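Colleague: Quick one: the structure is below, questions incoming.
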Amino acid sequence: MMPKIFVDGRVFDTEYQGTRTYIHNLYKIIDNIGDFEIFLASCNPENAAGFFPGSHNIRFIPYNTVSKLRRALYELPEMMTRYRIDAAHYQYVAPPRKNCLHIVTIHDLLFKDFPGEFSLAYRMTKSAAFYLSAKSADLITTVSAYSKKAIVRHFSIPENNIHVVPNGVSNFYFEPFDKEKAALEVWEKFGFQHYILYVSRIEPRKNQLDLLKAYLDLKLYDQGKSLVFVGKTSIPVPQLKEIMQPLSEEIKRKIFFLEDISNDDLRLLYQATELFVYPSKGEGFGIPPLEAGALGIPTICSNTTAMEDFSFFGDRHIHPDITQLKASISRALAEQPSNLREISNTIRRRYGWEKAAFTMNELIWKKVGKPHPVFNTPGVSVKASPVLD
């Protein structure tokens with residue numbers, strides 16, 4: 001009988017975020033390896049199942065309460081007993097009551113490193129919940145060396161107890177494409193062209209504000225360039241509206257804020273952009289610049305926090321202050337880099353989801369007390385698991 005692994009899939013009930021990408025790609029591959037029976041829980045299991053077409057060993061089960069407190073105190077422990085779960089995988093926060101092994105992935109502790117970017121209430125509630133979950137976990141994973149150091153520093157957890165299972169870039173982003181065709185599709189679907197792109201949730205540390213200021217200071221609208229932000233607002237940035245308000249209608253028509261973009265449309269937006277800019281002040285990892293780089297798109301990326309590992313972006317790997325941002329954008333629009341293919345190949349070698357998934361698979365096997373399995377061939381023909389009532 002295969003070990004039973006529970007996966008908290010609440011990320012499939014909300015807007016796009018990096019944790020959804022993480023769970024989706026890891027367990028899509030772990031499912032194909034075929035060593036576990038996986039129970040993925042969410043409020044809308046039919047929606048979650050749509051992310052895993054043709055799954056082999058995943059059962060999609062519903063949460064019956066929307067109350068986070070009731071779920072943590074009562075529903076989750078009951079589900080572990082009902083399905084006889086061996087280990088449960090949570091993102092950041094695990095329930096206080098344990099009746100199976102707990103795997104906790106802490107993607108970052110940015111509210112500790114950048115307290116001014118988060119409210120006091122947020123910092124107090126997250127700090128306590130993350131700390132208690134990490135201290136009680138049987139297996140702690142994170143996504144970068146930077147985040148690992150932060151967990152050691154802030155929570156006093158031994159370094160050897162924390163395992164790095166990094167994010168990756170899907171093969172979807174390495175496929176060849178016709179840039180002129182992509183640009184035409186973007187124009188027909190969204191109504192803009194010749195644009196600079198930034199993909200990320202909107203919140204202060206993401207630094208959309210400085211990119212908007214740089215765009216306006218450089219008067220890129222006079223050069224026919226548009227500016228496109230993709231991502232929902234997680235933490236409001238009132239200054240964005242304050243800067244936008246007095247602009248002429250002609251300039252406003254060059255600046256776009258998009259939400260709820262499908263994966264196919266997101267890739268299309270990457271493909272057609274003239275320049276991708278990622279000026280975030282702090283990340284636990286930072287997937288979007290890797291996706292852009294994988295596609296061979298000229299990319300400017302912040303060199304802070306976990307993104308310091310992305311040195312392959314060369315002289316476009318910058319500190320995200322307004323001065324360096326403007327200088328780098330000006331250079332990037334004036335000259336086409338010659339190393340785009342090299343950057344893409346480096347990203348493919350370093351950040352594959354297969355490597356991350358096999359690492360997680362092995363870590364779980366060791367914790368559930370089983371001998372290391374002989375890995376099955378991905379894609380074996382087995383009956384897909386149903387959505388359970």
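The values are calculated or read from the model by the stated rules, or taken from the named source; none is laboratory data. Predicted, not measured: the structure shown is a model, and the values here were computed from it. FYI the Cβ positions are ideal-geometry reconstructions off the backbone, even for glycines, and counts take in every protein chain you see.
Colleague: Could you please find all residues in the stretch 286-309 being touching a residue at least 40 places away in the same chain (Cβ under 8 Å) and within 18 Å of GLU175 (Cα to Cα)?
Modeller: ILE287, PRO288, LEU290, GLU291, ALA292, GLY293, ALA294, LEU295, GLY296, ILE297, PRO298, THR299
Colleague: So which strands (runs of 3 or more DSSP E) stay within the stretch 1-81 end to end and still have 3 or more residues that are in the same structural domain as LEU109 (by TED's automatic domain parsing), touching a residue at least 40 places away in the same chain (Cβ under 8 Å) and in contact with a Leu (Cβ under 6 Å, 6 or more places away or on another chain)?
Modeller: The strands (runs of 3 or more DSSP E) meeting that bar are 58-62.
Colleague: List every residue pair whose Cβ atoms sit under 6 Å apart, with the two residues 6 or more apart in sequence or on different chains, where the first one lies in the stretch 117-134 and is touching a residue at least 40 places away in the same chain (Cβ under 8 Å) and the second, anywhere, is part of a helix (DSSP H, G or I).
Modeller: GLU117/PRO204; GLU117/ARG205; PHE118/PHE111
Colleague: Next question. Between SER133, SER156, SER170, which is crowded, with 20+ Cβ neighbours inside 10 Å and among the polar types (S, T, N, Q)?
Modeller: SER133
Colleague: Within the stretch 211-236, restricting attention to residues that are surrounded by fewer than 19 Cβ atoms within 10 Å (Cβ to Cβ) and modelled with pLDDT of 95 or more, which residue is nearest to SER302 (Cα to Cα)?
Modeller: This residue is LYS213.
Colleague: State all residues of the stretch 99-130 that are among the hydroxyl-bearing types (Ser, Thr, Tyr) and within 26 Å of LYS4 (Cα to Cα); if no residue qualifies, say none.
Modeller: Residue satisfying the conditions is THR105 alone.
Colleague: Residues of the stretch 153-178 being closer than 19 Å to ASP309 by Cα and β-branched (Val, Ile, Thr), which ones?
Modeller: Once the filter is applied, which keeps residues that are closer than 19 Å to ASP309 by Cα and β-branched (Val, Ile, Thr), the stretch 153-178 yields ILE162, VAL164, VAL165, VAL169.
Colleague: Is the stretch 87-108 home to any residue that is out of contact with any helix residue (DSSP H, G or I) (no Cβ under 9 Å at 6 or more places or on another chain), over 25 Å from GLY284 (Cα atoms) and buried (at least 19 other Cβ atoms within 10 Å of the Cβ)?
Modeller: Taking every residue of the stretch 87-108 in turn, none turns out to be out of contact with any helix residue (DSSP H, G or I) (no Cβ under 9 Å at 6 or more places or on another chain), over 25 Å from GLY284 (Cα atoms) and buried (at least 19 other Cβ atoms within 10 Å of the Cβ).
Colleague: Based on what the data block shows, is THR323 assigned by TED's automatic domain parsing to the domain that holds LEU110 and either without any contact (Cβ under 8 Å) to a residue 60 or more places away in the chain or assigned to a helix (DSSP H, G or I) (or both)?
Modeller: no
Colleague: Being surrounded by fewer than 24 Cβ atoms within 10 Å (Cβ to Cβ), hydroxyl-bearing (Ser, Thr, Tyr) and not in a helix (DSSP H, G or I) is the filter here, so list the residues in the stretch 287-307 that pass it.
Modeller: If the condition is that a residue be surrounded by fewer than 24 Cβ atoms within 10 Å (Cβ to Cβ), hydroxyl-bearing (Ser, Thr, Tyr) and not in a helix (DSSP H, G or I), then THR304 is the only one that fits.
Colleague: Looking only at the stretch 132-149, how many residues end up being part of a loop (DSSP other than H, G, I, E, B) and among the small types (Gly, Ala, Ser)?
Modeller: Counting residues in the stretch 132-149 that are part of a loop (DSSP other than H, G, I, E, B) and among the small types (Gly, Ala, Ser) gives 2.
Colleague: Filter the stretch 181-228 for residues that are among the polar types (S, T, N, Q) and under 21 Å from the mean Cα position of the chain (by Cα); which is farthest from SER330 (Cα to Cα)? Working first, answer last.
Modeller: Initial filter on the stretch 181-228 (among the polar types (S, T, N, Q)): 193, 200, 207-208, 223, 226.
Remaining after also requiring under 21 Å from the mean Cα position of the chain (by Cα): 200, 207-208.
Details: SER200: 22, ASN207: 18, GLN208: 17 Å.
By that ranking, first place goes to SER200.
Colleague: Taking SER280 and the conditions (1) more than 22 Å from LEU212 (Cα to Cα); (2) outside any helix (DSSP H, G or I); (3) of a type in the set (S, T, N, Q), which numbered condition does it fall short on, given that it satisfies the others?
Modeller: The one condition SER280 does not meet is (1).
Colleague: Limited to the stretch 176-207, what total is found for residues that are basic (Lys, Arg) and closer than 15 Å to PHE276 by Cβ?
Modeller: 2
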